[in-house]
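Each value in this text was obtained by applying a stated rule to the coordinates, not by laboratory testing. Every value quoted in this text rests on a predicted model; they were computed, and no experiment measured them. Positions of Cβ are backbone-derived with ideal geometry, glycine not excepted, and every protein chain shown enters the neighbour counts.
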Amino acid sequence: MAIVAAGSLSGCGVFNTATQTRVRLVNDSSFPVDVTLFYSSRSDDTRPALTTSGNRLEFNIAAGESASFARPCTELRAIVIENAELRVLGSEGPETETNVLAADGDFGCASTITYTFDHSDVVVDFNVATRVDR
């Protein structure tokens, strides 16, 4: 009986926040950043597998702004930023990427993955820092 009640509560959205992995993209740079990322429901996906058959999302994040999204833990089990470009001159600027993060090793269900984009005084020194809060 308790299993049925828990299942019906979950269907109503009561437990949704606990069963989702959240991703935050934070632009701490002085310029807009264009981000292309891929995620997958398979934690053993490699970069080529993710970028070929994973779910693609694109973001345009203004300087000092952020973007975020969440997916059920069963849908987001691997993630990679394939390309992030700092738009210094219109659509031109330095680029960076991340390593693949996988569930049950790099993050768990209900984790928050934060990617922070920044550069040094030398604008071509563009990087992304990754933090996982479990």
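Starting from 0.36 nm per residue, how many nanometres of slack lie between Ser41 and Glu58 once their C-alpha separation is accounted for?
Net length gain for the segment: 4.3 nm.
List Phe31, Phe38, Phe107 from most exposed to least, where exposure is judged by having the fewest other Cβ atoms within 10 Å.
By the 10 Å Cβ count, ascending: Phe31, Phe38, Phe107.
Measure nothing fancy, just the Cα-based angle from helix 2-11's long axis to the longest principal axis of the chain, in degrees from 0 to 90, nearest 10.
In the chain, helix 2-11 runs at an angle near 40 degrees to the longest axis.
Take Val80, Val124, Val33, Val88 and order them by how many other Cβ atoms sit within 10 Å, fewest up front.
Sorted ascending by nearby Cβ count, the order is Val124, Val88, Val80, Val33.
For the pair Phe69 and Thr112, how long in nm is the line joining their label points, each one 7 Å along Cα→Cβ?
Placing both labels 7 Å along Cα→Cβ, they lie 1.9 nm apart.
With contacts defined as alpha carbon pairs under 8 Å and 6 or more residues apart, what's the relative contact order of the chain in percent?
Relative contact order of the chain: 29 percent.
Report the charge-dipole magnitude of segment 58-134 in Debye, nearest 20, computed about the Cα centre from +1 at each Lys and Arg Cβ and -1 at each Asp and Glu Cβ.
360 debye
Which one of Thr114, Val124, Thr98 has its Cα pushed farthest toward the positive end of the charge dipole of the chain, where Lys and Arg give +1 and Asp and Glu give -1 at the Cβ?
Highest projection toward the positive end goes to Thr114.
Provide the gained length on full extension for the span Thr130 to Ser30, in nm with one decimal, where the gain is 0.36 nm per separating residue minus the Cα-Cα distance.
Separation in residues times 0.36 nm, less the Cα-Cα distance, equals 34.1 nm.
When the chain is treated as a GNM, springs tying every alpha-carbon pair under 10 Å, which of Ile61, Ile81, Ile113 comes out with the largest mean-square fluctuation?
Sorting by GNM fluctuation, first place goes to Ile61.
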